[in-house]
Amino acid sequence: MIKLEGVKKAFGTQQVLDGVDFHVPEGHSLVIMGPSGSGKSVILKHIIGLLNADAGRVSVMGKNVAELDRSGLRELRRDMGYLFQHSALINWLSVFDNLALPLRETTKMSNSEIRARVMHVLDLVQLSAAENKLPSEISGGMQKRVGLARALVTEPNIILYDEPEAGLDPEMSASVSHMMRELKEEHGMTSVTVTHSVSCALTVADTLAVFEKGRFLISGPPTEVLNSKHERVREFLGAQLD
Ligand SMILES: Nc1ncnc2c1ncn2[C@@H]1O[C@H](COP(=O)(O)OP(=O)(O)OP(=O)(O)O)[C@@H](O)[C@H]1O
Ligand SMILES: [Mg+2]
């Protein structure tokens, strides 16, 4: 469903992705962990076509993302939700309109259908009461959940989560992780998640991969990776496991 083959990306002299390969089959959940600044968000941006690789190939549902034209990209983004690391809400639009926008842009839904869909996803993230508020009038954690609702609003088959737990209290963070797992189990959602939280990774991952210096150090079933003898992997994950 999502395939990266030999993907390389440099910014100036900094080689951020140095031959990245992975395949996420339909219904599968890949979780990526790794140090801050290593390039995890850059990987997600290649999958959704916000960045193009210098070399290698990124394909989603059989299509080479770099070769899509505007309408191809629009179609891709309707099928793929993206929870941005920083919620990236439009600050002059209400919560309701932030969520309605992708539906107005990518579907022919009527206003009443849009209202029903938006209220449904707002309810999922327990924010129905915030529909008329501006992003600046709600807390950071609430903005994050609106971002999640926006990623879900087009009912995508694939979802990319960039630090879904960041800025949430432990209870809300656990509830978001469980929602992610339910989306996978009940709707067969395919996903790639970037997180710094081992507990989020354990809740949602079929495959856990650790990324550093442009490449994956290890990837496999989460318990295997957490118990790995790989020195650098132990050092990195150990900080949270102690
Ligand atoms: N558009 C860009 N132009 C130039 N440099 C960039 C760009 N996007 C990312 N970078 C650089 O690429 C590196 C990786 O960035 P990225 O945002 O992927 O890190 P990350 O692994 O997601 O870190 P964090 O865990 O802190 O979010 C950083 O050094 C960053 O400065
Ligand atoms: Mg990031």
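The amide H of LYS133, built 1.01 Å from its N in the peptide plane, has VAL95, PHE96 as neighbours under 5 Å, considering only residues 5 or more places off or on other chains.
Taking the Cβ of each residue in SER136, SER41 as the centre, tally the other Cβ atoms inside 10 Å and list the residues starting with the fewest.
Details: SER136 9, SER41 19.
Listing SER136, SER41 from fewest to most nearby Cβ atoms yields SER136, SER41.
With both labels modelled 7 Å from their Cα along Cα-to-Cβ, the GLN15 to ASP206 distance reads 3.2 nm. The charge dipole of the chain, taken about the Cα centre with unit charges on the Cβ atoms of Lys, Arg (+1) and Asp, Glu (-1), comes to about 580 debye, rounded to the nearest 20. Here's how it looks for ALA55: its modeled amide H is under 5 Å from those of LYS8, which are all 5 or more places away or on a different chain. With everything on Cα atoms, drop me the angle between helix 170-187 and the longest principal axis of the chain, reported from 0 to 90° to the nearest 10. It is inclined by approximately 90 degrees.
Near HIS28, the amide H atoms lying under 5 Å from its own belong to SER191; only residues 5 or more places off or on other chains count, and H is placed 1.01 Å from N.
Both the radius of gyration and Dmax for the chain are 17.8, 56 Å, in that order, over alpha-carbon atoms.
Among LYS3, LYS40, sorting on how many other beta-carbon atoms sit within 10 Å of each Cβ, with the fewest leading, yields LYS3, LYS40.
Rule-based calculations on the coordinates, nothing more; no lab input. Predicted, not measured: the structure shown is a model, and the values here were computed from it. Neighbour counts are summed over all protein chains in view; Cβ atoms, including those assigned to glycine, are modelled from backbone coordinates with ideal geometry.
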